[in-house]
Structures are given as structure tokens and as C-alpha cells.
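The values are calculated or read from the model by the stated rules, or taken from the named source; none is laboratory data. On a predicted model such as this, the values are computed, not experimentally measured, just so you know. Counting neighbours? That spans all protein chains shown, and the Cβs are built from the backbone with ideal geometry, glycine included.
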Amino acid sequence: MAASPPSFRFADAPPRSADLVIIGGGIVGASTAFFAARAGLSVVLLEKRPALCTLTTPISTGAFRLQFDNPEEVALVREGIELFTRFADVSGLDSYDIGLCQQGYLFCATDEDGMRRQHDWVTAQRTWGLDDVELLPGDEVRYRFPHVGPSVLQARYRAGDGWLKPKALTLGYALASGATICLNTAATGFELAGDRVVGVRTERGTIACRDVVVASGPFSGVVARFAGLNLDLRPRRRMKLVIPDLPDVPPDAPMTIDEDSVAHWRPALGGAYALFTDPDAPVAEPLDDVPPSASFAHALLDPASPRALARISPFWARVWERGGPDWIVQAGQYEYTPDHRPYLGPSGLDGLHLNCGYSGHGIMASAGGSRIVVDLMTGRMDQATNPFRFDRPIVERPFDIL
């Protein structure tokens with residue numbers, strides 16, 4: 001007789017105890033639950049909203065890449081990509097589809113300074129074992145990717161980069177974890193015994209536990225303050241332009257990025273997702289409802305804009321000339337750390353662990369990051385070898401990067 005397919009373990013009320021309580025039901029919380037369950041821990045996953053994956057995670061483009069400027073993040077994301085490519089087997093969810101699509105990342109340079117930066121970056125990446133990034137002259141870029149215009153002088157490209165469906169991945173993690181899931185259950189504080197966290201207080205009761213992981217996205221700083229911990233987290237609004245139907249978009253195109261303006265787009269639905277990092281986005285308090293702005297869409301679609309998608313892909317100018325497509329702007333917040341690397345592992349307070357601060361890279365990096373957090377918690381990894389520890393020396397990075 002065939003085994004019954006797994007189902008979510010939703011609880012009407014929080015259980016009295018667990019090995020681990022995870023605060024946050026987005027991609028990071030769900031991936032933490034997945035790795036914790038594989039380590040043999042009983043897990044409770046708390047989400048204050050009425051469903052998993054409804055705040056920051058679904059606002060992302062679901063994209064992943066190995067083209068980073070440091071070996072630590074290359075290794076972190078590589079672990080995630082390896083999991084994505086065999087998720088159904090690793091998770092035990094037969095034929096589970098996370099919408100994996102590896103059509104590559106194409107970073108386009110339009111001046112000599114950009115070409116030099118690309119050359120230096122690719123040279124460094126190859127010393128880190130990333131030997132499948134191609135550096136392409138402009139004519140070859142246009143031959144292989146006809147949507148690219150004459151302004152592009154050079155591009156770096158990795159075919160194994162791509163994207164997936166963030167909600168499908170999040171729900172797959174949660175389903176495979178077997179965690180007890182408590183929806184509409186906000187954490188309100190911690191129970192302490194001396195200098196150790198021994199429980200999580202919620203609006204619906206207290207859960208005794210050995211360990212807690214803060215995986216609350218832009219609200220991670222708020223949750224950490226329940227224990228008197230001040231995290232340098234800087235929530236900033238991040239928007240996504242959704243164009244549901246646009247036949248002009250080549251469905252086989254890679255993620256296409258203007259390396260100068262950091263505006264980028266990829267095929268999605270019957271059209272595209274498009275976005276850019278706004279260097280003027282202020283640090284703000286975390287919000288449950290983040291307001292979108294129409295000016296974001298105009299900045300990407302109007303060819304006169306310095307952020308115009310048409311700078312490197314001329315078909316976007318023709319789309320604008322016809323009156324523009326139907327579009328929707330979605331808004332969320334990414335929680336940035338000063339160096340744009342996550343805080344992973346012990347917080348300095350016994351029993352309280354961090355898995356936050358992914359700075360916009362949560363989809364691609366949280367698999368490796370969550371595995372590290374669980375390995376540190378269970379003693380399988382030494383904190384001294386963790387490059388993402390909370391108390392690391394931090395060098396501030398500029399905000400206006402991908």
C-alpha cells in the first residue's frame with residue numbers, strides 16, 4: 001500500500017515544549033526548520049500572519065547566482081543551488097516542483113570602467129573555484145542574446161545561475177520538515193533562566209524550549225530586542241515591477257542586468273519581473289504593509305530614465321512607445337546588515353540564535369545559512385570557523401549594489 005503524502009502540521013494552539021522554536025515563517029524560517037528536523041530536533045515554527053511566506057519572501061524575484069565578490073558568499077550560495085537542483089530527492093517530497101529555471105545571469109557593462117571591473121571580478125572568482133563564468137565581448141553578447149543592444153561593450157555570464165518559485169520552495173521546506181506550525185501566533189518575549197533563553201512567550205501561550213532561532217526578516221531586530229539584543233539591521237523598501245503579459249520579452253532570456261544602473265529584469269509569467277536597488281531608499285522601521293510607488297515602474301520603463309531597462313535592451317523602448325504594458329508594483333523590505341552579509345549563529349545569549357540579515361539574498365543563501373545555524377547549534381560546526389558570526393569585524397559596504 002502506497003504511503004500517504006506528507007501534510008502540513010498546523011497546530012490550533014502552541015505546544016508546551018519543543019527542542020527548537022523558530023520565529024518567522026518565510027524562506028529563512030522554513031529552511032531552518034528543514035535542516036533542524038534533519039538533525040533530529042523537534043521544531044515549532046511561529047508565524048504571526050495567517051499564512052506562511054506572505055511578507056518579504058514573495059516580493060523577491062526568486063533569483064540565485066554565484067557571481068559574488070567574495071569566496072564566503074560564493075560557497076554559501078553554491079550550497080543552496082546544489083540543493084535546489086535535487087530538492088525533490090533531498091526533501092523526500094516525490095516530484096515536488098520548485099520551478100527551477102537555470103537560464104543564467106548576464107551582467108552588462110557599457111563603459112571601459114565597467115569592463116575593467118568585470119575583468120577583475122571574474123579573475124578573482126576563478127581563484128575561488130568559480131571557473132564557469134564567461135567574459136563575453138559585446139558582439140558575442142548580442143549574437144548569443146539578441147535582446148541586448150549596441151550600448152553593451154562586454155558582459156559576464158554564468159549559465160548555471162537562474163531563479164525558482166520562492167513560495168513553492170518555502171512551503172516545500174516547511175512540509176518536509178514536519179515542524180509544528182503555529183499561524184497567527186506572534187512572539188511577544190522570551191523566558192529566561194539566568195543568562196539563558198528557555199522559552200518563547202506568545203499571545204497564545206509560552207513554549208518551553210532549549211533553543212530559539214530569530215528568522216523574522218525585517219522584524220528580526222524587533223524580536224531580538226525582546227532579549228535585550230541590539231542588532232544593526234537596516235530595513236529598506238525594495239520593490240518589484242510585475243508585468244504579467246508582454247510577448248516582447250524573450251522567454252529564454254537570462255536575468256539581464258545593467259551593471260552601471262543595477263536595473264535588471266528576467267522573464268516571468270507571460271512577461272517579466274524588473275527591479276533595481278534605490279540608493280536613496282531610507283532606513284525605516286519594519287512594516288507589515290509596505291506601500292509601493294508608481295514612480296518605481298516609470299524609472300524602469302521610461303527610456304529617458306537613468307535606470308531605464310532600455311539602456312541595454314532596446315525592445316523596452318518600443319514597449320514604452322506603444323503606451324507601456326499593464327503592470328503591478330509590489331513592495332517589501334529587505335533587512336540589510338552594514339556589510340550585506342547575514343548574521344548566522346549564536347547571538348551571545350545562550351539559547352538564542354540568529355538567522356537573519358541576508359540583505360536581499362535570502363532565497364539564494366538561506367539554505368547554506370540555515371545549515372550553518374543548525375550545525376552550530378548542534379555542535380557539528382565550530383563558531384570560530386563561521387565567517388558570518390554576529391560578532392565578526394564588519395566593513396561597511398555601499399548600499400547601491402545588487
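Restricting segment 74-100 to residues that are charged (D, E, K, R) and modelled with pLDDT of 95 or more leaves a set whose member that is farthest from the chain's Cα centre (by Cα) is Asp89.
Here is the figure for segment 127-150: residues that are crowded, with 16+ Cβ neighbours inside 10 Å and not aromatic (Phe, Trp, Tyr) total 10.
Kindly indicate whether Val21 is over 22 Å from Ser359 (Cα atoms) and either in contact with a strand residue (DSSP E or B) (Cβ under 7 Å, 6 or more places away or on another chain) or charged (D, E, K, R) (or both). Considered against the rule, which asks whether it is over 22 Å from Ser359 (Cα atoms) and either in contact with a strand residue (DSSP E or B) (Cβ under 7 Å, 6 or more places away or on another chain) or charged (D, E, K, R) (or both), Val21 comes out as yes.
On the basis of being assigned to a loop (DSSP other than H, G, I, E, B), assigned by TED's automatic domain parsing to the domain that holds His353 and among the small types (Gly, Ala, Ser), does Gly29 make the cut? The answer is no for Gly29. Being buried (at least 19 other Cβ atoms within 10 Å of the Cβ), closer than 21 Å to Asp258 by Cβ, in contact with a strand residue (DSSP E or B) (Cβ under 6 Å, 6 or more places away or on another chain) and in contact (Cβ under 8 Å) with a residue 24 or more places away in the chain holds for only one residue in Gly114, Gly62, and it is Gly62. Residues in segment 323-351 that are touching an Asp or Glu at 6+ places or on another chain (Cβ under 8 Å) and either free of Cβ contacts under 8 Å to residues at least 12 places away in the same chain or of a type in the set (A, V, I, L, M) (or both): Leu349 alone.
Beta carbons closer than 7 Å, at least 6 apart along the sequence or on distinct chains, pair a first residue in segment 283-308 that is of a type in the set (Lys, Arg) with a second that is buried (at least 17 other Cβ atoms within 10 Å of the Cβ) for Arg307/Ser261; Arg307/Ala263; Arg307/Phe276; Arg307/Ala299; Arg307/Leu300.
Give the residues of segment 117-136 that are in contact (Cβ under 8 Å) with a residue 12 or more places away in the chain and under 20 Å from Asp258 (Cα atoms), sorted by residue number. The answer is Arg117, Gln118, His119, Trp121, Val122, Gln125, Val133, Glu134, Leu135, Leu136.
For segment 202-213, the condition of being under 23 Å from the mean Cα position of the chain (by Cα), of a type in the set (A, V, I, L, M) and not assigned by TED's automatic domain parsing to the domain that holds Asp375 holds for none of the residues. Just one of the listed residues (Ser366, Ser359, Ser370) is touching a strand residue (DSSP E or B) at 6+ places or on another chain (Cβ under 8 Å), surrounded by 24 or more Cβ atoms within 10 Å (Cβ to Cβ) and farther than 28 Å from Ala193 by Cα, and it is Ser366.
Quick check on my filter: what residues within segment 278-304 are closer than 17 Å to Val262 by Cβ, of a type in the set (Asp, Glu) and loosely packed, with under 15 Cβ neighbours inside 10 Å? Answer for segment 278-304, where residues must be closer than 17 Å to Val262 by Cβ, of a type in the set (Asp, Glu) and loosely packed, with under 15 Cβ neighbours inside 10 Å: just Asp280.
Scanning segment 79-95 turns up one or more residues that are farther than 15 Å from Leu171 by Cβ, surrounded by fewer than 20 Cβ atoms within 10 Å (Cβ to Cβ) and either among the aromatic types (Phe, Trp, Tyr) or in contact with a Gly (Cβ under 8 Å, 6 or more places away or on another chain) (or both).
Inclusion of Arg341 among residues that are within 18 Å of the chain's Cα centre (by Cα), among the basic types (Lys, Arg) and crowded, with 21+ Cβ neighbours inside 10 Å is warranted.
Among the residues of segment 329-361, those identified as outside any loop (DSSP other than H, G, I, E, B) and within 30 Å of Leu301 (Cα to Cα) are Val329, Gln330, Ala331, Gly332, Gln333, Tyr334, Glu335, Tyr336.
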